[in-house]
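K.L.:
Here it is, the structure in full.
The values are calculated or read from the model by the stated rules, or taken from the named source; none is laboratory data. Keep in mind it's a predicted model, so treat the numbers as computed, not measured. Note that we place each Cβ from the backbone using ideal geometry, even for glycine, and neighbour counts take in every protein chain shown.
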Amino acid sequence: MRDNFGRTINYLRLSITDRCNLRCRYCMPVEGVDSLGHGQILSYEELLRVAAAAAALGVRKIRLTGGEPLVRKGLVDFVARLAALPEHPEITLTTNGLLLADHAAELKRAGLSRVNVSLDTLRPERFAELTRRPGFEQVLAGLAAAERVGLSPLKINMVPIAGVNADEVADFARLTLAHPWEVRFIEFMPVTGNLDYPPESRFPADDIVAAFSVLGPVEELPRHDPGAVARLYRLAGAQGRIGVIPAVSHHFCHECNRLRVTPEGRLRPCLFSDLELDLRALLRRGASDAEVQDFLRQAVCAKPERHHIGEADFKPGCRPMQGIGG
């Protein structure tokens, strides 16, 4: 599939639940949000139909997100069904890691390729402050389990926020010296308002690079995947590598290759646009596979050229990240 700007769309992100066992300050208000009812979210059968249609149209990577995907029962069987699609797309998962140690082995057996673990601090007390929940040791156990069963290359996603945790950038980068991991620093994205951190809390990509460069010589690596969004670096002698995702300061919209489906079946052509197409209604009125494919093509054609974060007239959207799937 190609959009109106010549971009090849081959990556689908499926948010399978809006529920989460953390309350991260840049994602949810302290009181949380009202969860969707069981009948409001897409069933696994409906999600599988979407995935199958997308794979038939050339999607080669499917990422499962949330909320926190590991809180939804039946996930392992769903992963197995995705992995069994005729096109054999790569199946990946983004998780906060709290439940990963319990499920890593069975997810690997089901066909999951690898995981991205979101972790914004290496300090237990700060973890509790940022997420409003305990669980730091559980996340470390999840990382160890994922590495042990071969869910690799293991990626850690860290969002540096000025005045909050940006002082840990070098500590995270140092992990790559001892582990064959990819530590990825993602610029804070003010997708929605009314959260604890304003847009001014963003720690720009250039500052991120400067912060880990104090550790020694840094080599910038070539990108072999044209759909990859991270700028890649390696510290001298490191086993792993560092990724920097400059979603705001140096946007990569011209390379965007993805579509997103929210838990209740809204298809978002762009993370930073409130435009949503009602996929659930189509599925539940008995649409054929061909109609689902046509719907996906229409969504691709609706992708905007770029986002407008940082511009004078930009306004954050209404939906928190937990309800989109990132």
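K.L.:
Limited to the stretch 120-134, what total is found for residues that are in contact with a Gly (Cβ under 9 Å, 6 or more places away or on another chain) and touching a residue at least 40 places away in the same chain (Cβ under 8 Å)?
P.N.:
Total meeting the criteria: 0.
K.L.:
Something else: Given the criterion among the aliphatic types (A, V, I, L, M), farther than 18 Å from residue 117 by Cβ and without any contact (Cβ under 8 Å) to a residue 24 or more places away in the chain, identify the matching residue among 210, 166, 170, 162.
P.N.:
210
K.L.:
Looking at this structure, is residue 261 in contact (Cβ under 8 Å) with a residue 12 or more places away in the chain, closer than 30 Å to residue 175 by Cα, of a type in the set (Val, Ile, Thr) and buried (at least 18 other Cβ atoms within 10 Å of the Cβ)?
P.N.:
no
K.L.:
Any residue in the stretch 66-83 that is charged (D, E, K, R) sitting within a Cβ distance under 6 Å of a residue that is part of a loop (DSSP other than H, G, I, E, B) and crowded, with 17+ Cβ neighbours inside 10 Å? List the pairs, counting only those 6 or more apart or interchain.
P.N.:
Hits for this filter: 68/20; 68/96; 72/16; 72/17.
K.L.:
Output the number of the condition that residue 141 fails; it satisfies all remaining conditions of (1) within 20 Å of the chain's Cα centre (by Cα); (2) part of a helix (DSSP H, G or I).
P.N.:
Of (1) within 20 Å of the chain's Cα centre (by Cα); (2) part of a helix (DSSP H, G or I), only one is false for residue 141: (1).
K.L.:
Please go through (1) surrounded by fewer than 21 Cβ atoms within 10 Å (Cβ to Cβ); (2) under 15 Å from the mean Cα position of the chain (by Cα) for residue 268 and return the number of the only condition it doesn't satisfy.
P.N.:
Exception for residue 268: condition (1).
K.L.:
Please tell me if residue 179 is touching a residue at least 40 places away in the same chain (Cβ under 8 Å) and either surrounded by 21 or more Cβ atoms within 10 Å (Cβ to Cβ) or within 26 Å of residue 165 (Cβ to Cβ) (or both).
P.N.:
So residue 179 fits the description; yes.
K.L.:
Additional query: Out of the stretch 287-326, which residues are surrounded by fewer than 16 Cβ atoms within 10 Å (Cβ to Cβ), of a type in the set (Gly, Ala, Ser) and modelled with pLDDT under 65?
P.N.:
310, 312
K.L.:
Looking at 219, 147 in this structure, which one is within 28 Å of residue 23 (Cα to Cα) and either crowded, with 22+ Cβ neighbours inside 10 Å or among the charged types (D, E, K, R) (or both)?
P.N.:
147
K.L.:
Let me ask something else about it. Within the stretch 63-80, track down each residue that is buried (at least 24 other Cβ atoms within 10 Å of the Cβ), touching a helix residue (DSSP H, G or I) at 6+ places or on another chain (Cβ under 8 Å) and not in a loop (DSSP other than H, G, I, E, B).
P.N.:
64, 69, 70, 79
K.L.:
What tally of residues in the stretch 171-226 results from selecting those that are in a loop (DSSP other than H, G, I, E, B), modelled with pLDDT of 95 or more and within 23 Å of residue 257 (Cβ to Cβ)?
P.N.:
Count: 0.
K.L.:
For the stretch 244-266, give me the residue count where each residue is assigned to a loop (DSSP other than H, G, I, E, B), of a type outside the set (Val, Ile, Thr) and on the phi < 0 side of the Ramachandran plot.
P.N.:
10
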